[in-house]
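Engineer: Once you've had a glance at the structure underneath, I'll fire off some questions.
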Amino acid sequence: MSSLGIKDLLGIKGLSRKQIYLVLDTAAGFKDVLKRDIKKVPALRGKTVFNLFFEPSTRTRTSFELAAKRLSTDVINFSVPTSSFVKGESLLDTIRTIESYGVDYIVIRHSSSGVPHFIARHSHASVVNAGDGINEHPTQALLDAFTIKEKKGYFEGLKIAIVGDILHSRVAKSNIYCLRELGAELRIVAPPTFVPHGIDSFGVEVYFDADKGLKDVDVIMMLRIQNERQEGGFLPSSDEYSRFWGLTEERLARASQGAVVMHPGPMNRGVEIMSEVADSTSSVILEQVTNGVAVRMAVLYLLNRTRVTKHV
Amino acid sequence: MIILIVNGHIIDPRNEMYGLGDIVIENWKIKEIRYRESKPGQGNPESEGDSFVQQFPESPEIIDASGLYVMPGLVDMHVHLREPGYEYKETIKSGTMAAVRGGFTSVCCMPDTKPVNDNETVTEFILRKAYAEGACYVYPIGAVTKGQEGRELAEMGMMREAGCVAFSDDGMPVKNSLIMRRALEYSRTFGAPVISHAEDIDLTACGVMNEGYLSTLLGLKGIPREAEVIMIKRDIDLALLTGGRLHIAHVSTEEGVNAIREAKRAGINVTAETCPHYFTITEDAVKDYNTDAKVNPPLRTEKDIAAIKEGLSDDTIDVIATDHAPHHRDEKLCEFDSAASGISGLETALPLGLKLVEEGVLDLSHLIRKMSLNPSDILGLDRGVLREGSDAALVIVDMDSEFEVEPEKFVSKGKNTPFKGMYLKGRPVVTICKGRIYDFRAERP
């Protein structure tokens, strides 16, 4: 099998364990390619990838761009600054315009949940969700799973804690779907204001107390705390967050021997994660970045490329 | 001009009369209602059949209502006609055409136009326009506060004189409890109810659908049910404090129904409405980011549907209104977060109501009362009646006509409905009002 059997990657929701493993296994092959002197394969030569980013992003966009280039595609980056005050053209008009260019892939990031689904309905191109609102960020979850598999070798029964603003985190959501499907034991560690409604139905254990939540876990995934959360009344201050939920060396010591620390970046050093931890041997944060390219290559490679090129 | 409606099942919720009969309309007034047979002790039995028609020499207009139901024109106390200001969404003309097509002969339009209907000039504009272009009767609802901004009371008395039948800041709550208190007090002078859009907007925050498992699954921000419940309770308490006339719009939650039931038991002067979408579909309709199912208050859950049905059945909820909220397609064909809230409801309300009859929640007469007589009584309109001497505003319904909801065929400019593709049963074939016969039989074979 060399295809996921789907046109778009809109989320992890709905992916089977088999499909996830296919991405991870394919990514392993691409990771080998990335270690070579010449890091490029002709797998998707002649295809066009359109990076459509409605939210500022350096890492994800760069990672997708590199992945696409390593597969020999032509890449176009298109960033639309969105602000509620600047009302540009409608999303549908933007999509129709891109559709008219005849692109094969649209990689989309948008602050509004469901936008990738909307684009998939209105475009022939394969749509890859690079983060939509507070919904999903599937390639991040896949690269996290890839990293865990490399470090730990298995998922079944592995104890993983996700720490931080689960409510607003698409990274957390995709990771929950992905790691649950792979059989890991998941914990959510967060203040109650960051715990989404109905989380009990997602098969995770919720801990408000970080010291308890991190006890004996094999993997710690930290999430970025956004400063503006104070204004929404979610947190009194980042100092207080740091004191109760920040990952210090002492808290890390409560985890199991050889536990790994992950972070999707960019980090707020001194807030959710202390430098001593981020730069320690437990940290696999930079490896996540490396793996991101391989995993995104795998995703682009494995989506159904059924688009019929329009003859002009 | 004489119109004869012959051999229909007549339903008159005011007099609790129903039976086979004929109605004579002369000069757009109901001249006579003759029952051919009726329930024991009701009406005057007649069985003269076709000879009835022959007694009118000057060839009247005859509508054969055999197998059809004849009822008072429906009254919708909650619509958005969008004019003035948002004519691209709907006009008084298109909205009232949608109304008569849906069996409504009277609609009450909310003040959230541009400019807001917060003064007698706008009220007069709406009434003049409705008189000239409206297919049915239009009763404006004035704003509670100037500009619907929740700060100063609007000129309720002047608007009342100009023809407003109630006051509401619908679309927005009256957030300030003191202003709401004053509104309930002051409006007592004019005997018009204050209609509460019950929503604590701080709790709503940026929410776009019902808060719960599904909102988390879809990654959409949730609106907790408490946003509605807390405001319903506040307004009930203020109604008790002031003795004002309170009507709660678009109830969507079980707890809201319960709060109103308790208030009524305690003798507080409160009435309430719900809308067809709140007793027909759940938040599941939002799946796949369907913006046509984005509405405020949001679609809830099965338990809320059950509670609303119970509330309708035991008369905790007096009225079924549509909250007809037409929008332009561009306002729905976009990101879910940015999409406009609202459902174009006039052309599906009656068949959705009739589902309640089929399910045994309400009997037909009870349903029609909630869609005509009750809103009329709450607003003092003298509508919702079939009475000799009264204005001819009635609708003839084919209960067996099954159809697919095809929004593109709506006469409303708003094609935004989550019921698209659903098969419904029962629709108006003839609506008579405002000195006209709207005959939909030809277009519906």
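Engineer: Look at segment B:100-125 and say how many of its residues are of a type in the set (Phe, Trp, Tyr) and within 20 Å of the chain's Cα centre (by Cα). Before the answer, list the steps.
Structural biologist: First pass over segment B:100-125, keeping only residues of a type in the set (Phe, Trp, Tyr): B:104, B:125.
When the remaining residues are screened for being within 20 Å of the chain's Cα centre (by Cα), the result is B:104.
Residues in segment B:100-125 being of a type in the set (Phe, Trp, Tyr) and within 20 Å of the chain's Cα centre (by Cα): 1 in total.
Engineer: Right, here's the next one. Can you name the residue in segment B:277-291 that is touching a helix residue (DSSP H, G or I) at 6+ places or on another chain (Cβ under 8 Å) and surrounded by fewer than 24 Cβ atoms within 10 Å (Cβ to Cβ) and, of all such residues, is farthest from B:Leu217 (Cα to Cα)?
Structural biologist: In this case the residue turns out to be B:Thr280.
Engineer: Which residue is modelled with the lowest pLDDT, if the candidates are limited to segment A:1-30 and must be more than 20 Å from A:Val107 (Cα to Cα) and either part of a loop (DSSP other than H, G, I, E, B) or among the polar types (S, T, N, Q) (or both)?
Structural biologist: Only one residue fits best here, namely A:Met1.
Engineer: Right, next: Under 9 Å by Cβ, and 6 or more places apart or on different chains, what pairs join a residue from segment B:81-105 that is assigned by TED's automatic domain parsing to the domain that holds B:Ser372 with one that is among the aromatic types (Phe, Trp, Tyr) and surrounded by 24 or more Cβ atoms within 10 Å (Cβ to Cβ)?
Structural biologist: So the pair list comes out as B:Thr96/B:Phe104; B:Ala98/B:Phe104.
Engineer: A:Leu52 fails exactly one of the following numbered conditions: (1) buried (at least 20 other Cβ atoms within 10 Å of the Cβ); (2) farther than 27 Å from A:Glu181 by Cβ; (3) more than 14 Å from chain B (Cβ to nearest Cβ). What is the number of that condition?
Structural biologist: Checking A:Leu52 against (1) buried (at least 20 other Cβ atoms within 10 Å of the Cβ); (2) farther than 27 Å from A:Glu181 by Cβ; (3) more than 14 Å from chain B (Cβ to nearest Cβ), the one that fails is (3).
Engineer: Could you check segment B:130-154 and list, in sequence order, the residues that are in contact with an Asp or Glu (Cβ under 7 Å, 6 or more places away or on another chain) and either among the acidic types (Asp, Glu) or assigned to a loop (DSSP other than H, G, I, E, B) (or both)?
Structural biologist: Within segment B:130-154, B:Ala143, B:Val144, B:Gly150, B:Ala154 qualify.
Engineer: Ok, one more. Among B:Asp400, B:Asp382, B:Asp318, which is closer than 22 Å to B:Arg261 by Cβ and away from chain A (no Cβ under 14 Å)? First the steps, then the outcome.
Structural biologist: Working: B:Asp400 fails: closer than 22 Å to B:Arg261 by Cβ; B:Asp382 fails: closer than 22 Å to B:Arg261 by Cβ.
Among B:Asp400, B:Asp382, B:Asp318, only B:Asp318 is closer than 22 Å to B:Arg261 by Cβ and away from chain A (no Cβ under 14 Å).
Engineer: Residues that are farther than 27 Å from A:Gly246 by Cβ, away from chain B (no Cβ under 14 Å) and out of contact with any Asp or Glu (no Cβ under 6 Å at 6 or more places or on another chain): find the strands (runs of 3 or more DSSP E) completely inside segment A:84-172 holding 1 or more of those. Quick ask: steps written out before the conclusion?
Structural biologist: Working: elements: A:105-110, A:126-132, A:159-163.
Hits in segment A:84-172: A:105-110, A:126-132.
Engineer: From the residues in segment A:231-243 that are exposed (fewer than 13 other Cβ atoms within 10 Å of the Cβ) and outside any loop (DSSP other than H, G, I, E, B), which one is farthest from the other protein chains (Cβ to nearest Cβ)?
Structural biologist: A:Arg243
Engineer: Out of everything in segment A:1-44 that is of a type in the set (Val, Ile, Thr) and away from chain B (no Cβ under 14 Å), what residue ends up being surrounded by the most Cβ atoms within 10 Å (Cβ to Cβ)?
Structural biologist: The first filter runs over segment A:1-44 and keeps only residues of a type in the set (Val, Ile, Thr), leaving A:6, A:12, A:20, A:23, A:26, A:33, A:38, A:41.
Cutting the leftovers down to away from chain B (no Cβ under 14 Å) gives us A:6, A:20, A:23, A:26, A:33, A:38, A:41.
Details: A:Ile6: 14, A:Ile20: 23, A:Val23: 25, A:Thr26: 20, A:Val33: 17, A:Ile38: 6, A:Val41: 17.
Result: A:Val23.
Engineer: Sort out which residues of segment B:269-305 are more than 14 Å from chain A (Cβ to nearest Cβ) and in a loop (DSSP other than H, G, I, E, B), and write them in order of number.
Structural biologist: Residues satisfying the conditions are B:Asn269, B:Cys275, B:Ile281, B:Thr282, B:Val295, B:Asn296, B:Pro297, B:Leu299.
Engineer: Which residues, taken from segment B:363-422, are in a helix (DSSP H, G or I) and charged (D, E, K, R)?
Structural biologist: B:Arg369, B:Lys370, B:Asp377, B:Glu408, B:Lys409
Engineer: Of all the helices (runs of 4 or more DSSP H) wholly in segment B:159-250, which have at least 1 residues that are within 16 Å of B:Thr145 (Cα to Cα), among the hydroxyl-bearing types (Ser, Thr, Tyr) and in the same structural domain as B:Val286 (by TED's automatic domain parsing)? Can you show your working first?
Structural biologist: Numbers: elements: B:177-186, B:201-204, B:213-218, B:226-242.
Passing ranges, in order: B:177-186.
Engineer: Here is a further query. Yes or no: A:Ser57 surrounded by fewer than 21 Cβ atoms within 10 Å (Cβ to Cβ), at pLDDT below 95 and assigned to a loop (DSSP other than H, G, I, E, B)? Walk me through how you get there before you give the answer.
Structural biologist: Details: surrounded by fewer than 21 Cβ atoms within 10 Å (Cβ to Cβ): yes; at pLDDT below 95: yes; assigned to a loop (DSSP other than H, G, I, E, B): yes.
Judged against the criteria, A:Ser57 is a match.
Engineer: Here's a follow-up. Can you name the number of the only condition in (1) assigned to a loop (DSSP other than H, G, I, E, B); (2) of a type in the set (D, E, K, R); (3) within 15 Å of the chain's Cα centre (by Cα) that A:Asp216 fails?
Structural biologist: Unmet for A:Asp216, out of (1) assigned to a loop (DSSP other than H, G, I, E, B); (2) of a type in the set (D, E, K, R); (3) within 15 Å of the chain's Cα centre (by Cα): (3).
Engineer: Shifting gears a bit: Which one of the conditions (1) within 14 Å of chain B (Cβ to nearest Cβ); (2) in contact (Cβ under 8 Å) with a residue 60 or more places away in the chain; (3) under 30 Å from A:Lys18 (Cα atoms); (4) of a type outside the set (A, V, I, L, M, F, W, C) does A:Asp218 fail to meet, given that it meets all the rest?
Structural biologist: Evaluating A:Asp218 over (1) within 14 Å of chain B (Cβ to nearest Cβ); (2) in contact (Cβ under 8 Å) with a residue 60 or more places away in the chain; (3) under 30 Å from A:Lys18 (Cα atoms); (4) of a type outside the set (A, V, I, L, M, F, W, C) leaves (1) as the failure.
Engineer: Here is a follow-up. Collect the residues in segment A:46-65 that are over 16 Å from A:Ala125 (Cα atoms) and without any contact (Cβ under 8 Å) to a residue 40 or more places away in the chain, keeping them in residue-number order.
Structural biologist: Selection gives A:Pro56, A:Thr58, A:Thr62, A:Glu65.
Engineer: Something else: Could you list, in sequence order, the residues of segment B:321-363 that are within 14 Å of chain A (Cβ to nearest Cβ) and touching a His at 6+ places or on another chain (Cβ under 8 Å)?
Structural biologist: Of everything in segment B:321-363, those that are within 14 Å of chain A (Cβ to nearest Cβ) and touching a His at 6+ places or on another chain (Cβ under 8 Å) turn out to be B:Glu335, B:Ala340.
Engineer: Among the candidates B:Arg261, B:Arg300, single out the residue that is in the same structural domain as B:Leu352 (by TED's automatic domain parsing), of a type outside the set (A, V, I, L, M), over 30 Å from A:Gly11 (Cα atoms) and touching a Ser or Thr at 6+ places or on another chain (Cβ under 6 Å).
Structural biologist: B:Arg261
Engineer: Conditions first: (1) within 19 Å of the chain's Cα centre (by Cα); (2) aliphatic (A, V, I, L, M); (3) assigned to a helix (DSSP H, G or I). A:Val261 passes all but one, so which condition is the exception?
Structural biologist: Unmet condition: (3).
Engineer: What are the pairs, 6+ residues apart or on separate chains, where a residue within segment B:398-410 that is under 11 Å from B:Tyr423 (Cβ atoms) and at pLDDT 95 or above has its Cβ under 9 Å from a residue that is assigned to a loop (DSSP other than H, G, I, E, B) and hydrophobic (A, V, I, L, M, F, W, C)?
Structural biologist: Pairs found: B:Glu404/B:Met422; B:Val405/B:Phe419; B:Val405/B:Met422.
For every residue, the table says whether it meets (1) within 21 Å of A:Thr139 (Cα to Cα); (2) at pLDDT 95 or above.
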residue	(1), (2)
A:Phe234	no, no
A:Ser256	no, yes
A:Val277	no, yes
A:Ser283	yes, yes
A:Gln288	yes, yes
A:Gly292	yes, yes
A:Val299	yes, yes
A:Val312	no, no
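Engineer: A further question on this structure: Can you tell me which residue in segment B:179-219 is nearest to B:Asp284 (Cα to Cα), limited to those that are within 14 Å of another protein chain (Cβ to nearest Cβ), among the small types (Gly, Ala, Ser) and buried (at least 23 other Cβ atoms within 10 Å of the Cβ)?
Structural biologist: B:Ser215
The values are calculated or read from the model by the stated rules, or taken from the named source; none is laboratory data. Predicted model, so just to flag it, every value in this text is computed and none were measured. Glycine gets a Cβ as well: all are built from the backbone with ideal geometry, and neighbour counts include every protein chain shown.
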